[in-house]
1. How long is the gain from Glu189 to Glu413 if the chain were fully straight, where each residue apart is worth 0.36 nm and the alpha carbon distance is subtracted?
2. Using Stokes-Einstein with the Kirkwood hydrodynamic radius over Cα pairs, what translational diffusion coefficient do you get for the stretch 136-204 at 25 °C and a viscosity of 0.890 mPa s, in µm²/s rounded to a whole number?
3. First select every other residue whose beta carbon is under 15 angstrom from the beta carbon of Ser256; then total the charges, Lys and Arg +1, Asp and Glu -1.
4. Between the stretch 124-192 and the stretch 275-351, what is the C-alpha centre distance in whole Å?
5. Quick one: how many Å² of Tyr386 are accessible to a 1.4 Å probe, rounded to 10?
6. Let me spell out the model: positive unit charges on the Cβ of Lys and Arg, negative unit charges on the Cβ of Asp and Glu, origin at the Cα centre of the stretch 8-107. What dipole size does that give, in debye rounded to 20?
7. Which far-off residues, 5 or more places away or on another chain, put their amide H under 5 Å from the one on Val163, with H placed in the peptide plane?
8. Please list, in chain and number order, the residues 5+ apart from Leu291 or on another chain whose amide H is under 5 Å from its amide H, with Hs placed from the backbone.
Amino acid sequence: MEEAVFSKVLVANRGEIAVRVIRTLKSMGIRAVAVYSDADERGLHVLLADEAVWVGGSEPAESYLNIEAIVRAAKTSGAEAVHPGYGFLAQRADFVERLEEEGIVFIGPPAEVQRLVGDKLGARRFFSSAGIPVVPGTLEPVEARDAASVAEELGYPVIVKPVGGGGGIGMRIAWNEEELAGALRSAGELASKAFGRVEVYLEKYLPRARHIEVQVLGDGKGGIYHLFERECSVQRRFQKVVEEAPSPALTPELRSELLSLAVRAAKACTYVNAGTFEFLFDPGSRQFYLLEVNSRIQVEHPVTEAITGVDIVREQILIAAGEGVDFKQEDVEIRGHAIEARVYAEDPLNGFAPSPGRIEAYREPSGPWIRVDSGYYAGSEVPLYYDPLIMKVVSWGRSREEARRRLVAALEETVIRGIATNIALLHLVLNDEAFVGGDYNTRILEERGILARLKGYSVRSPSFPAEEREAVAHRPQPLQDLWRVAARVRP
Ligand code: MV4
């Protein structure tokens, strides 16, 4: 019998990522402890874990963001380590330190690394001094009265970014001086609401750029490894919608340039555990610019797993246990192509408003080289309190086109009733000429008129009588009734 690195790990998250982490824990022979809020008593993650601890009310602040409640759950369950997933406490240096005080291992980057890369302007200064190119812009916060002259110097368009933020929250683009005042105001307002900090900085906005990020792993012994890149240029309001690996934009030469930049950046900040180094690639000048570093497992990690065969969550756990990584850099190769579609509970016909509620009918897609990471099941409830991500559908193919066709087919057989979803948008993107050709950038949704084509669009139905299709849709998949069997969950 091989010895497990930990015997019990607490998963401080919910939904699909908690399910994802629990699955790897089980594959490693580690007991998985779920935590849940009032809204998640019947969450899929609760169902699949070996034990589950209630941590508070439905509001994130009362449960998944409640450091003391999570620490208490870890202590009472006897967990030796905590995996934070993404969001919630994943990038909170104070959480890492609090766990340390209790002798509990945090499965993620150390507090000092979190602090360095979590301060976006500080990170810009740090990486810029380390010789890593960052997007032209300010290295200090910009006062409202100086903004116009700074923008003039950079040249329009510019993008206003909140100092405290991350992941696009509160960012505003200004195409000219008239728009700048409004952009400053709304970026500042959003920033103070979301992060309690009004400071903003300016960057030149690169409208034709592609968003390409590198998956990095620091082994905790000074070794830095990469698992190639993902392209995430399809975003709506800075929320990623479709991601793929490898990037169709890169030649082998550009790829090795990007990868060595990312590894150099990770070495400069002595990166440990899984991290993503986000870059903008300007196809015109063939320049890469570091945007930010995400010190956590990311939603889109499965496309990297699909092309490399590396279980990134497993590597995170091994690194946190002091074992380093379980692969050699020279053994990791890009095999084929993978594409991920994020299915959200949101209503494209109502301004993409969240669409919480009960999932009345539910059929997950399957098929050759299709992976589904979901947090829900037929009959379960999508709470309004959290990220509306329902599931990720990931396809792999020997070629990009094979992966794309498999993903289109998978979306066409997916059924989710009772709540609105963005599946029609995903279908339009995957069939768009620019996407099919791999020739797209961060403005694909606008430039290709995809949002405008959404109205009245529905995913092509197979030649099957509508009533029968409906009846099939409502037949339960096995998981639907699993909760009745699981004694831990009250019926
Ligand atoms: C940018 C940019 C262009 N120029 N910064 C989006 C998420 C966040 N991490 C950084 N993001 C961007 N920053 C400059 N200076 C383009 C993006 C961007 C984007 C912008 C609009 C619409 C879709 C986008 C998709 C990816 C990245």
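1. 76.4 nm
2. Working: Rh = 11.4 Å.
The calculation lands on 215 µm²/s.
3. Details: positive: Arg255, Arg264, Arg286; negative: Glu229, Glu253, Glu257, Glu330, Glu333.
Once all neighbours under 15 Å are counted, the net charge is -2.
4. Between the Cα centre of the stretch 124-192 and that of the stretch 275-351, the gap is 26 Å.
5. Here the residue's solvent-accessible area equals roughly 20 Å².
6. It comes to approximately 440 debye.
7. The answer is Glu199, Val200, Tyr201.
8. Glu278, Phe279, Leu280
The values are calculated or read from the model by the stated rules, or taken from the named source; none is laboratory data. What you are looking at is a predicted structure, and each value in this text was computed from that prediction instead of being measured. Here Cβ is always computed from backbone atoms with ideal geometry, including for glycine, and neighbour counts include all displayed protein chains. In case anyone asks, the SASA skips ligands and DNA or RNA and just uses the protein heavy atoms, side chains included. Shrake-Rupley method; radii C 1.70, N 1.55, O 1.52, S 1.80 Å.
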